Amino acid sequence: MLELILSSVYLIFPAYVANMCPVIFGKLNFPLGHSINKRLFGANKTYRGLYTGFLGALLVLLLQQYLAKNNILADYTLLDYEQISIPLYAALFGFGAIIGDLIESFFKRRINIKPGRPWFPFDQLDFVIGAYLFLLPVYLIPWQNLLAIIILTPALHFLTNLIAYLLKLKKVWW
Ligand code: CTP
Ligand code: MG
């Protein structure tokens, strides 16, 4: 059970970091991309998400590859980090997470939920579903791990959002 939890979180971790990056880098005064399309996705979505998400996933994957080379956490790895193309997987995890979030925002706007307002459980899962779908052509996440990810992610998401809220990185706690 613990192995399933740890290996699932370790696998999806690049998508978690990709999803956090637009929020973190927003407050570090990185150049703000203009909004992609306010009417379609809402004013909170920017191009910043796309490149910071990719870079965040890339950083995590490079670290995971380094750990794999040194045989650290090897019991919990599903991907063969020494064999896979790191930039390709960074693109799939990173763009998958951010585009998953964009698509979720698109539907939120269509049913008239204001930008920033909660829509459980889709706010909590959009980025992992995006990453799952983008990974499909090269890697099928086993269903047991996918199930673990879907159960664990909302709890982890609330926890990190609460921290981001307390650090004043986010205006709302959800
Ligand atoms: N963000 C961004 N570009 C993206 C995605 C997110 O700049 N492509 C930043 C925005 O500052 C956004 C924050 O990350 O406010 C949090 O994103 P998220 O919680 O996914 O969106 P919401 O602001 O809650 O908007 P929505 O209602 O559309 O989910
Ligand atoms: Mg969202």
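The values are calculated or read from the model by the stated rules, or taken from the named source; none is laboratory data. Source: prediction; values computed, not measured. Backbone-built Cβ (ideal geometry, glycine too); neighbour counts: all protein chains shown. Remember, those area values only see protein heavy atoms, side chains included, never the ligands or the DNA or RNA. Shrake-Rupley method; radii C 1.70, N 1.55, O 1.52, S 1.80 Å.
Could you tell me which numbered condition Ile111 fails, if it satisfies all but one of (1) within 16 Å of ligand 2 (Cβ to nearest atom); (2) open to solvent by 40 Å² or more (accessible area, probe 1.4 Å); (3) touching a Gly at 6+ places or on another chain (Cβ under 9 Å); (4) modelled with pLDDT of 95 or more?
It fails just one condition, (3).
Return a yes/no flag: does the range 20-27 have any residue that is β-branched (Val, Ile, Thr) and away from ligand 2 (no atom under 15 Å from the Cβ).
Of the residues in the range 20-27, the ones β-branched (Val, Ile, Thr) are 23-24.
Within this subset, residues satisfying the condition of being away from ligand 2 (no atom under 15 Å from the Cβ) are 24.
Taking every residue of the range 20-27 in turn, at least one turns out to be β-branched (Val, Ile, Thr) and away from ligand 2 (no atom under 15 Å from the Cβ).
Please state which of the following conditions Trp119 fails to meet, knowing it meets all the rest: (1) under 20 Å from Arg48 (Cβ atoms); (2) assigned to a loop (DSSP other than H, G, I, E, B); (3) within 11 Å of ligand 2 (Cβ to nearest atom).
Answer for Trp119: the failing condition is (1).
Working carefully through the options Leu50, Leu11, find the one that is open to solvent by less than 80 Å² (accessible area, probe 1.4 Å), in contact with a helix residue (DSSP H, G or I) (Cβ under 7 Å, 6 or more places away or on another chain), under 19 Å from Glu104 (Cα atoms) and not charged (D, E, K, R). Write out each step before concluding.
Values: Leu11 fails: under 19 Å from Glu104 (Cα atoms).
None of the others qualify; the one that does is Leu50.
On the basis of being surrounded by 11 or more Cβ atoms within 10 Å (Cβ to Cβ), of a type in the set (A, V, I, L, M), modelled with pLDDT of 95 or more and more than 9 Å from ligand 1 (Cβ to nearest atom), does Leu102 make the cut? Quick ask: steps written out before the conclusion?
Details: surrounded by 11 or more Cβ atoms within 10 Å (Cβ to Cβ): yes; of a type in the set (A, V, I, L, M): yes; modelled with pLDDT of 95 or more: yes; more than 9 Å from ligand 1 (Cβ to nearest atom): no.
Judged against the criteria, Leu102 is not a match.
Here is a yes/no grid of residues against (1) of a type in the set (S, T, N, Q); (2) open to solvent by less than 80 Å² (accessible area, probe 1.4 Å); (3) touching a His at 6+ places or on another chain (Cβ under 7 Å); (4) within 16 Å of ligand 1 (Cβ to nearest atom):
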{"position": "Ala68", "(1), (2), (3), (4)": "no, yes, no, no"}
{"position": "Gly116", "(1), (2), (3), (4)": "no, yes, no, yes"}
{"position": "Gly130", "(1), (2), (3), (4)": "no, yes, no, yes"}
{"position": "Tyr165", "(1), (2), (3), (4)": "no, no, no, yes"}
{"position": "Lys168", "(1), (2), (3), (4)": "no, no, no, yes"}
{"position": "Trp173", "(1), (2), (3), (4)": "no, no, no, yes"}
